[in-house]
Amino acid sequence: MKYTQKTSTLPVLIAGGGIGGLAVACGLARKGIKSVVVEQAPKLGEIGAGIQIAPNAFHCFDYLGVGDELRAKAVYIDCLRLMDAETAENIASIPLDEPFRKYFRNPYAVVHRADLHSVLLKVCEDSPLVDLRTDTTVTGYEQKDTEVLLLLERKEPIKGNILIGAEGLRSPIRRQLVNDGEPCVSGHTTYRSVIPTERMPSDLRWNAATLWAGPKCHIVHYPLKGWKVFNLVVTYHRDVKEAISGQPVSVEEVVQGFEHIHPRARKIIEHGDNWKLWVLCDREPIMDWVDGRVALLGDAAHPMLQYFAQGACMALEDAVALTHCLENFGDDVENALLHYQNMRNVRTARVQMDSRLIGEYIYHPSGAKAAVRNHIMKGLTPDQWYSRLSWLYGSN
């Protein structure tokens, strides 16, 4: 028997109104299942700027019924381009043209994070099956028989059939369920800026997701919002010990430490403004993120460094897998959540681990390590790239 609202009158509770949390609500609504989404912020929305959307994310959008809306908002870049930040030499390009789309059955694109979030939010707002509650701070949960209570700060608990913790890196639900302490602080500082296209150096207005890789640093840029703006991301190993999120900083701070890279790449930084700083964090992979009727999702389950550009994609995959399991396991929800966990934990752990390795050996090496990177990547054909990426970008 499939899970329907008839098997339980209680809703699915979702802690966190980000991309992952809303994606779950969208998926459940399509299956006729009610949910309550609680968000700490006073208003639902997304901070940040650009986000890369690989084919595996588009597979998820189609499952969730928002594929057409996302395709309309995306910018379709021509290639993924890797540049040597010291020499300004082109190392490799992965074409994203028709052969790529045919191979993976979907495109690779970039989109503003807020645009992606708004598409999911509209579906939830329009659905009578989704109850959105803002300004609500989660403190933990309790379970009893066939119910779970979501505990809130200064508000009455909410009773549900299932609880999904999707509140990100510092999830209170994870803290209670896993109790693994503070996140791992990488020490890598990332600075983000969005500038009008006319401010981007004309010789670098490429229709590509471009990565300039250098010793202990890298720069990423690509167009957004129909080419109206460029997204800039600058990362440097400053060995910072404290997690920081969204702190405004000066361009002088951002450019510090980039004296060794080619002027062509460095001038990208000088054209940015309103820079904000993040110190990148992740956690060690875990195999168990289910406790009875409670499960984690997205960054609450498997936070990762940005280097594979897969954080949001993994959360979307989680949402699809969870929806599928809840639909097909009937009222045996505890077994459904365990099946969801077992579908996802090895794959997401691999992405977590590979994200760290990519940062060390692709984005930030120097000397012999950089020379080996360049030698190997220059020699790969498009078909070889597609084969290497098929485990990640293919449908699952």
Note on the range 105-118: residues surrounded by 16 or more Cβ atoms within 10 Å (Cβ to Cβ) and part of a loop (DSSP other than H, G, I, E, B) are 106, 107, 108
Scanning the range 82-104 for residues that are open to solvent by less than 60 Å² (accessible area, probe 1.4 Å) and not in a strand (DSSP E or B), which turns out nearest to residue 56 (Cα to Cα)? 104
Within the range 21-76, how many residues are assigned to a helix (DSSP H, G or I), open to solvent by 30 Å² or more (accessible area, probe 1.4 Å), under 27 Å from residue 192 (Cα atoms) and of a type outside the set (Gly, Ala, Ser)? 3
What number of residues within the range 276-292 are closer than 22 Å to residue 339 by Cα and either touching a Gly at 6+ places or on another chain (Cβ under 6 Å) or in a strand (DSSP E or B) (or both)? 2
Can you tell me which residue in the range 231-240 is modelled with the highest pLDDT, limited to those that are over 19 Å from the mean Cα position of the chain (by Cα) and part of a strand (DSSP E or B)? 236
How many residues does the range 195-223 hold that are in a strand (DSSP E or B), in contact (Cβ under 8 Å) with a residue 24 or more places away in the chain and surrounded by 19 or more Cβ atoms within 10 Å (Cβ to Cβ)? 13
List the number of the failed condition for residue 295; all other conditions in (1) part of a helix (DSSP H, G or I); (2) open to solvent by less than 30 Å² (accessible area, probe 1.4 Å); (3) of a type in the set (A, V, I, L, M) hold. (1)
Find all pairs meeting these conditions: Cβ atoms under 6 angstrom apart; at least six residues apart or on different chains; first residue within the range 301-327 and within 14 Å of residue 63 (Cα to Cα); second residue open to solvent by less than 10 Å² (accessible area, probe 1.4 Å) and not in a helix (DSSP H, G or I). 313/54; 318/297; 327/3
How many residues does the range 119-149 hold that are open to solvent by less than 60 Å² (accessible area, probe 1.4 Å), touching a helix residue (DSSP H, G or I) at 6+ places or on another chain (Cβ under 9 Å) and free of Cβ contacts under 8 Å to residues at least 60 places away in the same chain? 2
Within the range 150-170, residues assigned to a strand (DSSP E or B), open to solvent by 50 Å² or more (accessible area, probe 1.4 Å) and either in contact (Cβ under 8 Å) with a residue 12 or more places away in the chain or in contact with a strand residue (DSSP E or B) (Cβ under 8 Å, 6 or more places away or on another chain) (or both) come out as 155, 157, 159
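The values are calculated or read from the model by the stated rules, or taken from the named source; none is laboratory data. Please read these numbers as outputs of a predicted model, since none were measured by experiment. Here the Cβ is made from the backbone with ideal geometry for all residues, glycine too, and neighbour counts use every protein chain on show. Just the protein is used for accessible areas: all its heavy atoms, side chains included, with ligands, DNA and RNA removed. Shrake-Rupley method; radii C 1.70, N 1.55, O 1.52, S 1.80 Å.
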